[in-house]
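Okay, so here's the structure we're looking at.
The values are calculated or read from the model by the stated rules, or taken from the named source; none is laboratory data. All figures in this text were calculated on a predicted structure; none of them were measured in a lab. Here the Cβ is made from the backbone with ideal geometry for all residues, glycine too, and neighbour counts use every protein chain on show. Ligands, DNA and RNA are excluded from the accessible area calculation, which covers all protein heavy atoms including side chains. Shrake-Rupley method; radii C 1.70, N 1.55, O 1.52, S 1.80 Å.
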Amino acid sequence: MNTQPSKPINFIDLKAQREYLGVKIDNAINNVVNSCAFIMGPQVREFEAKMAQFAGAKYALSCANGTDAIALPLMAWGVGEGDAVFCPSFTFAATAEVIPWVGATGVFVDVYQDTYNMDVAHLEASIEKVIAEGKLKPKVVIAVDLFGQPADYPKIRAICDKYGMKLISDSAQGFGCTLNGKHPIEWADCQTASFFPAKPLGCYGDGGAVITNSQEDWDLMDSLRVHGKAVAGDLEGKTFDHDPKYMNMRIGMNSRLDTIQAAVLIEKLAIYEEEIEKRNEIAAYYYEGLKDVCVAPVVIENGVSNWAQYTIEVPNRDGLMAHLRENGVPSAAYYPIPMHVQGPYLGFVNTGYGTLPITENKADVVMSLPMHPYLDKETQDYIIAKIKEFLTK
Ligand SMILES: *Cc1c(COP(=O)(O)O)cnc(C)c1O
């Protein structure tokens with residue numbers, strides 16, 4: 001039980017999954033290569049339909065990465081100068097980065113002690129603060145499903161409704177997580193995903209998607225992802241004496257998902273439900289093994305995480321990480337420096353040390369353990385033993 005596994009331990013094991021999928025992946029990629037439909041080939045639409053179905057939503061719009069996926073709804077809704085967009089500081093940079101892209105002002109919100117997700121009381125206090133200052137108009141909340149577990153969507157939706165705001169669920173890590181059996185799009189106006197290879201649903205390069213129930217938003221974002229091209233809504237009731245293909249109706253960008261990536265994702269999505277189950281078994285095994293020696297993750301009531309990360313808290317985080325490294329166990333600290341203290345983000349509201357105490361504390365104590373659907377019990381036993389060895393000595 002205490003002996004090191006013969007194979008190196010991976011933090012995320014993409015090779016094991018690739019072997020499991022086998023020839024299906026080869027065929028999927030070969031089909032695209034042979035068809036030469038590299039851009040917007042039929043697999044893109046097929047994947048979008050399957051992605052929407054998976055999430056229980058009407059539409060999915062694929063794009064180049066999970067960062068653009070958050071920017072696209074902001075652009076579609078015309079969010080810009082004078083608007084306030086609220087997001088957590090305890091997240092990956094992309095969540096906050098897209099806010100200044102569109103000229104809006106970000107407002108950082110603290111997180112809960114136990115779930116690491118947006119603190120609804122602090123969200124409302126921050127909205128009230130912005131209203132009282134009178135310079136910005138609260139427009140959008142971007143909630144993050146950090147480490148794969150759903151944010152408190154019913155409460156966040158209620159706040160958004162109270163203040164007439166839109167809600168984006170940044171599910172870059174969390175796509176596949178549910179609350180009361182529903183995906184975040186049940187509450188959010190748009191739910192976004194990243195297919196960066198290390199995310200739970202990753203492709204073989206960069207990719208992203210936006211899920212929505214609004215046909216109008218889908219059309220606008222379809223235009224925006226291809227340089228503001230004219231879409232059905234732009235052409236209705238109008239006639240043109242030239243090809244409307246080259247008409248640009250708005251300032252957009254180039255953010256398409258490659259056909260090869262869509263083909264890979266079709267195969268990966270087909271096993272994703274099964275993988276989420278395995279991830280939950282692995283998380284439960286970690287929980288049993290470690291709950292007495294460290295702060296174990298807490299998932300929101302009636303929530304199911306996809307366990308993008310299995311994150312524990314220990315006082316001497318750096319010491320434990322070094323001990324594990326010496327014993328061949330990779331680990332990672334997500335995220336050691338909160339966004340609200342980083343230079344480029346000091347123009348947001350709620351910045352600097354002392355403003356978000358829980359976020360600041362978490363950054364010092366959290367660490368994530370190897371987590372992927374192909375992690376075997378022997379390896380987990382070894383990881384658990386090595387953690388206990390350090391924490392109980
Ligand atoms: C990875 C990530 C993103 C960005 O996704 P990319 O595909 O890398 O652009 C956005 N938000 C969160 C929370 C992420 O973890």
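Some notes on this structure:
- In segment 280-293, residue nearest to residue 32 (Cα to Cα) [restricted to those that are in contact (Cβ under 8 Å) with a residue 40 or more places away in the chain and touching a Ser or Thr at 6+ places or on another chain (Cβ under 8 Å)]: 283
To keep it simple, each residue is scored yes or no on (1) open to solvent by 40 Å² or more (accessible area, probe 1.4 Å); (2) of a type in the set (Asp, Glu); (3) under 24 Å from residue 71 (Cβ atoms).
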site	(1), (2), (3)
226	no, no, yes
233	yes, no, yes
240	yes, no, no
260	yes, no, yes
263	no, no, no
270	yes, no, no
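- Taking the criterion of being open to solvent by 10 Å² or more (accessible area, probe 1.4 Å), out of contact with any Asp or Glu (no Cβ under 9 Å at 6 or more places or on another chain) and not in a helix (DSSP H, G or I), the residues of segment 131-148 that qualify are 134, 135.
Conditions tested, residue by residue: (1) free of Cβ contacts under 8 Å to residues at least 40 places away in the same chain; (2) within 14 Å of the ligand (Cβ to nearest atom).
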| residue | (1), (2) |
| --- | --- |
| 78 | yes, no |
| 96 | no, yes |
| 116 | no, yes |
| 119 | no, no |
| 129 | no, no |
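- Failed item, numbered, when residue 296 is tested on (1) open to solvent by less than 80 Å² (accessible area, probe 1.4 Å); (2) touching a residue at least 40 places away in the same chain (Cβ under 8 Å): (2)
- Filter result for the condition that a residue is over 22 Å from residue 146 (Cβ atoms), charged (D, E, K, R) and either assigned by TED's automatic domain parsing to the domain that holds residue 30 or in contact (Cβ under 8 Å) with a residue 24 or more places away in the chain (or both), over 267, 275: 267
- When residues of segment 299-316 are limited to those that are within 10 Å of residue 366 (Cα to Cα) and open to solvent by 20 Å² or more (accessible area, probe 1.4 Å), the one nearest to the ligand (Cβ to nearest atom): 313
- Qualifying residue in segment 199-217 (condition: of a type in the set (D, E, K, R) and closer than 21 Å to residue 16 by Cβ): yes
- Residue 67 vs. criteria open to solvent by less than 10 Å² (accessible area, probe 1.4 Å) and within 12 Å of the ligand (Cβ to nearest atom): no
- In segment 53-64, the qualifying residues are those that are in contact with a helix residue (DSSP H, G or I) (Cβ under 8 Å, 6 or more places away or on another chain) and within 18 Å of residue 256 (Cβ to Cβ), and the one that is nearest to the ligand (Cβ to nearest atom) is 63.
- Which listed residue, of 169, 223, is within 16 Å of the ligand (Cβ to nearest atom), without any contact (Cβ under 8 Å) to a residue 40 or more places away in the chain and outside any loop (DSSP other than H, G, I, E, B): 169
Conditions tested, residue by residue: (1) in a helix (DSSP H, G or I); (2) in contact with a Lys or Arg (Cβ under 6 Å, 6 or more places away or on another chain); (3) closer than 30 Å to residue 180 by Cα.
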| position | (1), (2), (3) |
| --- | --- |
| 251 | no, no, no |
| 266 | yes, no, yes |
| 283 | yes, no, yes |
| 287 | yes, no, yes |
| 300 | no, no, yes |
| 321 | yes, no, no |
| 328 | no, no, no |
| 335 | no, no, yes |
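- When we screen 389, 378 for residues that are of a type in the set (Asp, Glu) and either more than 30 Å from residue 176 (Cα to Cα) or not in a helix (DSSP H, G or I) (or both), the only hit is 389.
- All positions within segment 182-198 that are assigned to a loop (DSSP other than H, G, I, E, B), away from the ligand (no atom under 12 Å from the Cβ) and either without any contact (Cβ under 8 Å) to a residue 40 or more places away in the chain or open to solvent by less than 20 Å² (accessible area, probe 1.4 Å) (or both): 187, 188
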